[in-house]
Each structure stands twice: as C-alpha cells, then as structure tokens.
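Peer 1: Structure incoming, see below.
The values are calculated or read from the model by the stated rules, or taken from the named source; none is laboratory data. Since the structure is predicted, the reported quantities are computational estimates derived from the model, not experimental observations. Methodologically, a virtual Cβ is constructed for each residue, glycine included, from the backbone with ideal geometry; neighbour enumeration extends over all protein chains shown. What goes into the accessible areas is simple: the full protein's heavy atoms, side chains included, and nothing from ligands, DNA or RNA. Shrake-Rupley method; radii C 1.70, N 1.55, O 1.52, S 1.80 Å.
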Amino acid sequence: MDNKEDLKKVVDQALAEQKVPHVKLKKIGAQKADVDKLTQPSKETRQEYWGKGLTYSAILLIIILVASIIGFIAVHGLATFTQNHVNVWHFLSSTDWDPGEGKNHVGALAMIVTSFAVTLLAAIVATPFAISVALFMTEYSSKKGSRFLQSVIELLVGIPSVVYGFLGLSIIVPFIRSVFGGTGFGILSATLVLFVMVLPTITSLTVDALKAVPNHYRQASAALGATHWQTIYKVVLRVATPRILTAVIFGMARAFGEALAVQMVIGNAVLMPYNLVSPAATLTSQLTSQMGNTVMGTLPNNALWSLALLLLIMALFFNFLVRLIGRKGQK
Amino acid sequence: MTTIISSKDVHLSYGNFEALHGISMDFKQNELTALLGPSGCGKSTFLRCINRMNDDIANVKITGEIKFENQDIYSPKTDLVWLRKEVGMVFQQPTPFPFSVYNNIAYGLKLAGIKDKALIDQRVEESLKQAAIWREVKDDLNKNAQSFSGGQQQRICIARALAVHPKVVLLDEPTSALDPISSSEIEETLLNLKHEFTFIMVTHNLQQASRISDMTAFFMNGDLIEYGTTSDMFMKPQKQITSDYLNGRFG
Ligand SMILES: Nc1ncnc2c1ncn2[C@@H]1O[C@H](COP(=O)(O)OP(=O)(O)O)[C@@H](O)[C@H]1O
Ligand SMILES: [Mg+2]
C-alpha cells in the first residue's frame, strides 16, 4: 500500500503542475487524483487497440482480395486444360491460335514469343538511354537541371498509355510504313512505343540507384587519382549494378504488361513473327482485343483466361527476379 | 631535412564564409605532422587543400600558394591525377570499395595504367605488409573488403593509399571511428612507416598526437595559431591559448 501512496503523491504533484498532458483534468478532477484510473487502459491505449484493429482488418481484406483475384484467374485459366482438355505442352509450343475451332487450335507460342520480343527489345533500347540520363542527372547536371529533368520524367510516367498508343499510331506506324513498307504495324512499332513508356520508369529507378551509392566511394576514388568518368564507370556503376538491374526488370515488367498502347500499334494478328515489321500480337494485346468477343465459360473465353494466367505467372517471375537480385546485392 | 610541402598565405572560402585565413606552413619530408584544434577550425579543409579535394565542392575559392616539391599544385599546368598519386589520402570512416581486398588495393595501380599482373600482385602484397594487415588478409584476398572489421578496413585503406607509392599521405582523423585497440595498431603502423613516407594527420586525440607526431600544428577558427616540434608544443607552448588547448582546458 505504501507504493500506492507514493504513486498518489507523484500523481498529485504532477497534476498540480499539469505535467501529465494526456490526463483530462476536468473529468477526473484536478485535486483528487484517481490512482485506479491510471492503472486502467487510458484513452490512448484504447485508440491504440482501435488503430491496430483497423489496420489488421484492412490487411485482411486486401489479402482476401488478392487471394480471390489469383484464385479466379487460376480457376478460369486452368479450365482450358482441365475442362476443355487442351494439352499444356501444346498450349505452350503451338503457334496455331484459333480457339473457336476446338482444343487442337489453342497454341499461344506466337504471342509468348512476341511478348518477350517487344519486352526485351524495348529494354535493350531503353536501358542505355536511361543510364545516360540518370548519370547526367546525378553526376553532372546542376541541382536545378536535375530537378527539371525529374519533373519531365514524372510527367512522362503520368501520361496515360492510350495517349502513347495514339501517338504511336499517328506518328510511328506511318513512319515505319514509309521506311520499311508493309502496314507499319508490328514489333518494331510496339518496341518504339514501349521504349518511350519504359524509359522514365528505368531512368527514375536508376537515379535512385546512383544516388544510393555513398559519396565516400566517389571521394576515395578521386583521392586515388581517378577522373570523374573513371570513378563513374569503375565504382559508381559497379556498386549500383544490382539496383540498376532491378530498374531494368521493373521496366520489363511494365513493357510485358502493357496492353492498350501495344494493341494500337502491333497489328493484332496472331502469327509467329518472322520479322519486326509484320503484324503480330502479344499476350496482352490479344486479351484486350478479344475479351469482348467471347462468351464466359466457352473454350475461347477460357483460352483468354489462360493467357491472363500466363501474364500473372510472368508478373510473379519478375517480382521473384527483383527479390533475388536484391538479396544478392546485399551480400 | 628537406621541405616537401610548403603553403603560403592560403585562404579558402566556402561561398561567403572564409574558413581559412591565410595559412603558411612547411612540412618536412619523412616526418609525421599532427594538425590539432577544436572541431570546425578548418583542419580538414586545410588538409583537403593539399591534394585539391576541395576543388570538387561548389563555390569554393582558394587563394595563396601550395607547393609540392617546389611545384605549385594550383597552377593550371598541374596534373590532378599526378598530384593525387603523389599525395594520397585516408579518410575518417574506413572507405574500402565493396570489392575484393585485392581489387581495392589494385584500384589505384590500374588507374595509374599499370597492367602487368605480376607487378600488381607484388605491389598488393607489399602495401598490405606495410599497412600491417597482410597476415590477416593474405588468405582472403578475394573476399569483400567490407567483410573485415573497422580497424582492418582502415588498414586496407592505408594499404590502398600506399600502393601507388605516394610521397605524402594525408590522414583525416584516421582512428576516430575505431576502437582503442585498432587505433593503437594504426598508430604503430604509422610510426613504422614514417621513414618512408611523409604523413600529415588531423586528429582530435591529443595523446595520439603527442605519441606519434614529430611536428604539431594548432589551428583555431581558421588560423594557424602555433606550429613547432611536438615536444616544444606540448612542453613549452608559446601562446597561452595553445597551452590551454593542449592541456585539455577546452576543445
Ligand atoms: N563543404 C563545405 N561547405 C561549407 N562550409 C564548410 C564545408 N566544409 C566545411 N565547412 C565549414 O568550414 C569550417 C571548417 O570545417 P572543417 O575543415 O571540416 O573543420 P575541422 O576539420 O577542423 O573540424 C567549419 O565551420 C565548417 O562548417
Ligand atoms: Mg574534420
């Protein structure tokens, strides 16, 4: 009981000086400190329970949502193989895509190859530009200049893909047509549109990567007699490599998943691409262009869900790659 | 003994703020000079003038003259790469690159255009021995330099600086981030190397200065207050303020 008396004294003292900010003086009476009240959960503690409860239920909801999205795609995507008895290997290796004609005409290889082709080509073209711009922004340009470029990049990220597609359709497709002949639709046009679209993504992540290189590496290198450029390519780029790779993979993920802009310039013919300027179709462009033309539950519809499932698996794969590189980079 | 570096009336301003108000002092070859003074007095700033590390900072203005072996290092004709090969630097935080020990030491050599693998191997071994770290790393030359302890990393950095055979090594509080045992190991290393190199070392640690330096300079508020042999400075300083500082009355 002695303890309680002591506590009461301290509390009274504090109340007299009003040093206990969270105790509402009016409610409990400033003079009579109620020690029992202090040992019960305070308003703040109850708020804490509330806050925690809210956060956890939000998380739970999101988890359920994600699980049902994945479940839905998986059920429908797998129906092609379970209900319609399409051979998985045939799906992955045949270029014959005409699901309306039956289970022997569900081959996605042409679209898989085209998707990878536009993704890789766009990344290959965009990466050198992205690294150059990022180097300029972090190593050479003034603060003002790099802030300006930063806002340009943010603007480019913010432009909706349909606008990029429209630009591609109006400028790139006619240009390709006049240079290479043909229709102008195809992988090359899609690559060029995607190049512009992934450039800002890769650039801004590469800027982050370069900024994360500690300045003392640059100083130590300079103190050993390295020129600025030697420091950049022997130290800065080397140290930043894992994160730059991550940036490229994020760019590739964006290119792989882009549907609308690609659909507008690629020609949408499910054919194995034998050159870069003939009409083709990617997994995404086929989805956007065909989803209105099929009936739920039929083979053509299930086949589209299988394409969606493939896209989902690829997205997981890109995430996995990013993590893998992140873990290697930490070592 | 010959003078290897001599500075005359060096002023340095960061923008409008003058951090050095005319520093004139000579450094003798193969001696260890300690730069002492309260923090913010301009020791690091002056040290960085000697290998022109301040050049990269925006808005820096430097006047006066610093000569290295009678050559004006701020003359437009001076090759920065040459200067930094002759005048190496070790920083307060151990700063090995996240490369292997071998590649850290070889970095400066490769910059200097040395391609002969045997020569690089030999220099790596030699400088790691000089920095008294060879025994600890000789079986792990391909291991990431950052996987070693702080004291070991700092000695790897010293080795990296020594590998290009500089004449002068600047050290900016090289032991202040280290534990006492690692610090004293580095002190011993520097003492052993004093006959081959000229060291200019900023330190906060008065005992350290008195233990290993030949000459001591006392800075305050951007001025060189007093400069002399370490024993004179600690035993019979000319100025009251020097005596107050060296006796630990402020700092
Ligand atoms: N890059 C810089 N820009 C502006 N002021 C600086 C810079 N570096 C140092 N200073 C200022 O110059 C003065 C001397 O700093 P410094 O040489 O680092 O002191 P010390 O090494 O003796 O502690 C300090 O007042 C510091 O704030
Ligand atoms: Mg300093």
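Peer 1: Which helices, counted as full DSSP H runs in chain A, have an axial Cα extent of no less than 15 Å and a Kyte-Doolittle average of -1.0 or above?
Peer 2: A:43-82, A:109-135, A:143-158, A:187-211, A:237-257, A:299-330
Peer 1: Taking the C-alpha atoms of the stretch B:59-195, how large are the radius of gyration and the largest Cα-Cα span, Dmax, in Å?
Peer 2: 15.7, 48
Peer 1: Okay, next question. In deg cm²/dmol and to the nearest 500, what is the mean residue ellipticity at 222 nm of chain B if only DSSP H runs of at least 4 residues count, each as -39500 (n - 2.57), divided by the residue total?
Peer 2: One gets -10500 deg cm²/dmol as the mean residue ellipticity at 222 nm.
Peer 1: Please give me the summed charge of the neighbours of A:Met111: other residues whose Cβ is under 13 Å from its Cβ, Lys and Arg +1, Asp and Glu -1.
Peer 2: Residues near A:Met111 contribute -2 overall.
Peer 1: I've got another one for you. Can you bin every Cα-Cα distance in chain A into 10 Å intervals starting at zero and give me the percent of pairs per bin, rounded to whole numbers?
Peer 2: 5, 18, 20, 18, 13, 10, 8, 5, 2, 0
Peer 1: For labels at B:Ser176 and B:Asp244 in the simple 7 Å Cα→Cβ model, what's the distance in nm?
Peer 2: 2.1
Peer 1: Any number yet on Rg/Rh for the protein assembly as shown, C-alpha, Kirkwood?
Peer 2: Taking Rg over the Kirkwood Rh, I get 1.14.
Peer 1: Once the Cβ-Cβ distance between A:Val88 and A:Lys211 is put in as r, and R0 is 45 Å, what FRET efficiency do you end up with, to the nearest 0.05?
Peer 2: After rounding to 0.05, the efficiency reads 0.50.
Peer 1: Further, regarding this structure: Considering only protein heavy atoms and a 1.4 Å probe, what is the carbon-and-sulfur percentage of the accessible area of the stretch A:212-331?
Peer 2: After summing per-atom areas, the C and S share lands at 65 percent.
Peer 1: First measure r as the distance between the Cβ atoms of B:Ser24 and A:Lys52, then evaluate 1/(1 + (r/R0)^6) with R0 = 60 Å and state the FRET efficiency to the nearest 0.05.
Peer 2: That pair, B:Ser24 with A:Lys52, gives E of 0.35.
Peer 1: Between A:Ser151 and A:Ile59, what is 0.36 nm times their sequence separation minus the Cα-Cα distance? Round to one decimal in nm.
Peer 2: The A:Ser151-A:Ile59 span can extend by a further 29.8 nm.
Peer 1: Here's another thing I want to ask about it. Sequence-distant or interchain residues sharing an amide H contact under 5 Å with A:Val106, placed H: which?
Peer 2: Under 5 Å from the amide H of A:Val106: A:Asp98.
Peer 1: Now, a different point. Express the relative contact order of the stretch A:99-330 as a whole percentage, based on alpha carbon pairs under 8 Å and six or more residues apart in sequence.
Peer 2: Relative CO of the stretch A:99-330 lands at 30 percent.
Peer 1: Starting from the amide H of B:Ser100, placed 1.01 Å from N in the peptide plane, find each other amide H under 5 Å away whose residue is 5 or more places distant or on another chain.
Peer 2: Residues meeting the criterion, in which the H sits 1.01 Å from N, are B:Ala145.
Peer 1: Given springs between every Cα pair under 10 Å in a Gaussian network model of chain A, which of A:Leu194, A:Leu304, A:Leu61 has the largest fluctuation?
Peer 2: Comparing A:Leu194, A:Leu304, A:Leu61 in the GNM, the peak value goes to A:Leu61.
Peer 1: Moving to a separate point now. Take chain A, connect every pair of alpha-carbon atoms lying under 10 Å apart with a spring to form a Gaussian network, then pick out the residue of A:Leu54, A:Leu156, A:Leu135 with the largest mean-square fluctuation.
Peer 2: A:Leu54
Peer 1: What is the angle, in °, between the Cα long axis of helix B:117-130 and the longest principal axis of the Cα atoms in chain B? Nearest 10 is fine, range 0 to 90.
Peer 2: The answer is roughly 50 degrees.
Peer 1: Taking both sides together, what accessible area is buried at the B/A interface, probe 1.4 Å, expressed in Å² and rounded to the nearest 100?
Peer 2: Summing both chains' loss of accessible area gives about 1600 Å².
Peer 1: Would you kindly work out the equivalent ellipsoid of chain B from its C-alpha gyration tensor and give its semi-axes, the square roots of five times the eigenvalues, largest first in whole Å?
Peer 2: 30, 22, 16
Peer 1: Could you state how much accessible area A:Glu101 has, in square angstrom rounded to the nearest 10, with a 1.4 Å probe and all protein chains kept in place?
Peer 2: Result for A:Glu101: roughly 120 Å² accessible.
Peer 1: A further question follows. Counting only other chains, and only Cβ atoms inside 10 Å, what mean value do you get across the residues of B:158-164?
Peer 2: Counting Cβ atoms of other protein chains within 10 Å of each residue's Cβ and averaging gives 1.
Peer 1: Let's test the formula: R0 of 35 Å, r as the Cβ-Cβ distance of A:Asn319 and A:Leu271. What FRET efficiency results, to the nearest 0.05?
Peer 2: Using R0 = 35 Å, I get an efficiency of 0.70.
Peer 1: Distance between Cα centroids, the stretch A:231-260 to the stretch B:191-251: provide it in whole Å.
Peer 2: 50
Peer 1: Taking amide H positions as placed in the peptide plane 1.01 Å from N, state which residues far from A:Asn268 in sequence (5 or more) or on other chains have amide H under 5 Å from it.
Peer 2: Here the answer is A:Ala280, since their amide H atoms fall under 5 Å of that of A:Asn268.
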